[in-house]
Amino acid sequence: MNTMSTARLLLVAGLLALATGCSGTDADGTGAGGNHDHEEQAGGHEHEGEEVAKGARGGRLLQDGDFALEVTMFESGVPPELHIYPLRDGKPVDPAQVQLSIELRRLGGRVDRIAFTPQEDFLRSTTSIEEPHSYVVQAQALEGGRNHSWTYESFEGRTTIARDMAEGAGVEIAVAGPGRIAEQVSLFGAIAADPDRVRAVSARFPGVIRTVRAKVGDTVQAGQQLATVESNESLQTYAVTTPIAGVITERHANVGETTKEEHLFKVANFSSVRAELNAFPRDRGRLKSGQSVSIKAADGTQEAMGRIDFVSPVGTGNNPTLVVRVILDNRDGQWTPGQFVEGLVTVSTTEVPLVIPREALQSFRDWQVAFINVDDDYEIRPLELGRSDGENVEVLAGLKSGDRYVAVNSYLIKADIEKSGASHDH
């Protein structure tokens, strides 16, 4: 392993090791991925050695003298909402006698102001609490002519990583904004030799083959001698040469045999090949010469870009499918005739307000998420996704234009959050 590879592995290991000291705890204050029950606590960031008081329902207990609030999150069959139970000396207080407001200060500067209405023995938030449940909570309550206030941290899906460490591990940040989503048609077929680069080599005059200097698989240059033949008429020996450079793919010549009308050798130049793809007639109007095509090997080991060179107007024989031909540069020899491939043809592109690369996405709980970045902090953003073209995906909700997000190596951020136990599983 070279020095650079070793250094990169050490940086990645260091990044993951940061979780113990740098990551926030999850929203229930346990630091170990607490569970959301039907009615769960809306807890806070619990520092080492700090005990978080719990109420009878398992929620976080905010105490000020003889007055207290038990904070729970309810999400049984409804979007998440806060249920706050007021108490005095541990006994229920009529929620109609309490005026409560809460501010949720989220990473990036957004502030959600939550109002409440009395219901049964608790105060219910008038709006749902958007995921992730990760914020600094500021609560203000007025009861019996007395004001009460509390501030605490409630983090989930968040971690802190020094910028130089993240950059050294290959984490790259991009800014969310508009882009294009390509509409694609998927076609299947195989690699074929280019007929314009194949030559059948024959003897110019009938005679007896005296020498053979090439075999199947040999690479030859234009003008190279492949065999010699003694002419029946002149009894002179002449050379049989190849008109092009390439590879011998067929040989029908042995010493002592008499040449006939059939060719002695076949030479193919594979520096350029073509993908012969099959298309349904319904797609004929969408496929045109010049369209961009991504060609991928069936086993996923190779990929190249090309353009449509030809689309057959009709099928052949009993085969209703059309042939779509794509010329591929093959000077590196990665494509082999007969190799099965898939072609993704870009038939149109659409401008959309917000696009991110697919590699920025990670699964987290039952969401697809991206990770926003503010200074040295990273946090999940559950996304609502729209159209995708395999490389980019449209974002309908969860990010806004201008957000900084992790575009490359986002799996490292996910690993750091999960290692810290800040996943807050429901």
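The values are calculated or read from the model by the stated rules, or taken from the named source; none is laboratory data. Computed from a prediction, not measured in an experiment: that's the story for all the values here. Cβ sites come from the backbone with ideal geometry, for glycine too, and all protein chains shown count toward neighbours.
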Taking the conditions exactly as written (of a type outside the set (S, T, N, Q) and surrounded by fewer than 14 Cβ atoms within 10 Å (Cβ to Cβ)), does R158 satisfy them or not? no
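What is the residue count in segment 188-202 for residues that are under 14 Å from P243 (Cβ atoms) and in contact (Cβ under 8 Å) with a residue 24 or more places away in the chain?
Within segment 188-202, residues that are under 14 Å from P243 (Cβ atoms) and in contact (Cβ under 8 Å) with a residue 24 or more places away in the chain number 6.
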Which one of A174, A182 is modelled with pLDDT under 95, assigned to a strand (DSSP E or B) and either β-branched (V, I, T) or within 25 Å of L399 (Cα to Cα) (or both)? A182
Hey, can you tell me all the residues within segment 245-297 that are surrounded by fewer than 17 Cβ atoms within 10 Å (Cβ to Cβ) and among the aromatic types (F, W, Y)? F280
Could you please let me know if E103 is of a type in the set (D, E), assigned to a strand (DSSP E or B) and over 26 Å from the mean Cα position of the chain (by Cα)? yes
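Mind checking which residues of segment 347-368 are part of a strand (DSSP E or B) and either surrounded by 15 or more Cβ atoms within 10 Å (Cβ to Cβ) or free of Cβ contacts under 8 Å to residues at least 60 places away in the same chain (or both)? Before the answer, list the steps.
Step one: filter segment 347-368 for residues part of a strand (DSSP E or B), giving 347-357, 362-364, 367-368.
The answer is V347, V352, L354, V355, I356, P357, Q362, S363, F364, W367, Q368.
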Among the residues of segment 189-202, the number that are within 19 Å of L322 (Cβ to Cβ) and surrounded by 14 or more Cβ atoms within 10 Å (Cβ to Cβ) is 4
Among residues of segment 66-108 being at pLDDT below 95 and among the small types (G, A, S), the residue nearest to E143 (Cα to Cα) is G90
Name the single residue that is surrounded by the most Cβ atoms within 10 Å (Cβ to Cβ) among those in segment 79-134 being of a type in the set (G, A, S) and within 19 Å of W150 (Cβ to Cβ). S134
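Each row is one residue, and each column tells you yes or no for (1) within 30 Å of Q362 (Cβ to Cβ); (2) in contact with a His (Cβ under 6 Å, 6 or more places away or on another chain).
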| site | (1), (2) |
| --- | --- |
| F74 | yes, yes |
| L82 | yes, no |
| T117 | no, no |
| Q140 | no, no |
| Y152 | yes, no |
Single match in S128, S154, S149 (criterion: under 18 Å from G55 (Cβ atoms) and under 45 Å from the mean Cα position of the chain (by Cα)): S154
Of the residues K296, K260, only one is touching a strand residue (DSSP E or B) at 6+ places or on another chain (Cβ under 6 Å) and among the charged types (D, E, K, R); which? K296
In the set Q184, Q138, the lone residue that is surrounded by fewer than 18 Cβ atoms within 10 Å (Cβ to Cβ) and either more than 30 Å from V341 (Cβ to Cβ) or not aromatic (F, W, Y) (or both) is Q138
Picked from segment 353-388 (must be touching an Asp or Glu at 6+ places or on another chain (Cβ under 7 Å) and among the charged types (D, E, K, R)), the residue nearest to A407 (Cα to Cα) is R358
Can you find a residue in segment 237-255 that is touching a residue at least 12 places away in the same chain (Cβ under 8 Å), outside any strand (DSSP E or B) and on the phi > 0 side of the Ramachandran plot? no
